[in-house]
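Below is one structure, written out as structure tokens, with a few remarks after it.
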Amino acid sequence: MAETFAKSILCQDKSKHICGKCISCVTFDSGNNPDIILLDYSDKKSIGVEEIRDKIGKNIELKPYLYPYKIFIITGAEKMTIQAQNALLKTIEEPPEYGVFLIISNNISNFLPTILSRCMLIRMETVKNDEVKKYLIEKKGFDYDKAELYAEFSQGNIGQAIEISSSEDFSNMRNDILDLLCKLDEKGFTDMFKLVDKLLIYKENIQKALDIAFLFYRDAAVFKAMNGESKYCIQKDKIESIYEIAVNKSLKSLIKKADIVLDTKVKLKQNANFQMAAEVMLLNLKEKQYG
Ligand SMILES: [Zn+2]
């Protein structure tokens, strides 16, 4: 949305919203528009004051090269320290006429009220799964099964669905989590803690990892309830693992396991201790053969 907005206000063909052909549109698409500055901090732990001064405070003093506006798109902006936010505040309190700031964040509570009071707040709503699915099929050429799978993991975010559908990391994480869950019952009590360590690898992405686990038990429960019919399973590409987990367990126990995963998701969102929550979850998911 931010990029589309930036592109549209710099597009030189005023008869169109975005022409896609003018020098501004073309240079943006190739990542070379000198007046649109993309600052992506999504993978950073924190954004310090120097960074904001260098990349924004000093930069905004230079007039745009070619266009009427100079646009900064700051992604992951919630990671700014208080000092960094105060530095940004200096700029957005009295910006030059050509300055446009698009501040993108998934956590509004991290911002100083003084920043928020100077911004126009636009909330991005999530999209229904069915709409994500439709988009992936119609616009991205996904087949039905693939679209259904990634719509499920998208959390209502089409960009995320597209990103994870081609992400090797996500695919590896799926394989690892399913493998771990399939092996759970074979493991003795001491080995359980090694499995917790395996989960620890995905600490940063734990909500996604737990979505994978939840969907796995959900699919296994559906597979069981439908007497081995895979039509209603979402992860059709993992049907062997689904069969493996479903075959020896009751429907009731599979539903219980899906519940345990959901419960852990909620606890971790409320900042429960990761190690302990992961331990308790795996102990609960394991069939209790150790007395
Ligand atoms: Zn254009």
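Filter the cross-link list Lys146/Lys252; Lys7/Lys45; Lys128/Lys231 down to pairs whose alpha-carbon distance in this structure exceeds 23 Å. The pairs that break the limit, which is 23 Å between Cα atoms, are Lys146/Lys252; Lys7/Lys45. With everything on Cα atoms, drop me the angle between helix 274-285 and the longest principal axis of the chain, reported from 0 to 90° to the nearest 10. With rounding to tens, the tilt is 30 degrees. Taking the C-alpha atoms only, the angle from helix 206-225 to the longest principal axis of the chain is near 40 degrees.
Each of Lys236 and Glu287 was given a label point 7 Å from its Cα along the Cα-to-Cβ line. The distance between the two points is 2.9 nm. Only helical runs count toward this figure. For the chain, summing -39,500 (n - 2.57) over DSSP H runs of n ≥ 4 and dividing by all residues gives -15500 deg cm²/dmol at 222 nm. Average projection, convex hull of the Cα set of region 1-130: 9.3 square nanometres.
Among Glu152, Glu279, sorting on how many other beta-carbon atoms sit within 10 Å of each Cβ, with the fewest leading, yields Glu279, Glu152.
Put in order of Cβ neighbour count within 10 Å, fewest first, the listed residues Met120, Met80, Met276 become Met120, Met276, Met80. When both region 14-39 and region 125-187 are represented by their alpha-carbon centers, they are found 31 Å apart. For helix 189-200, what angle does its Cα long axis make with the longest principal axis of the chain, in degrees from 0 to 90 and rounded to 10? The helix 189-200 is inclined about 20 degrees to the chain. When peptides 208-215, 162-169 are sorted by average Cβ neighbour count within 10 Å, with the highest value leading, the order is 208-215, 162-169. Quick one: pull the percentage of alpha-carbon pairs in the chain with a separation above 33 Å. The calculated P(r) of the chain puts 40 percent of pairs beyond 33 Å.
All of the numbers you see were taken from the coordinates with simple rules; none came from a lab. As the structure is a prediction and not an experimental result, all values here were calculated from the model. Ideal geometry is used to build each Cβ from the backbone, glycine not excepted, and the neighbour counts take in all protein chains shown.
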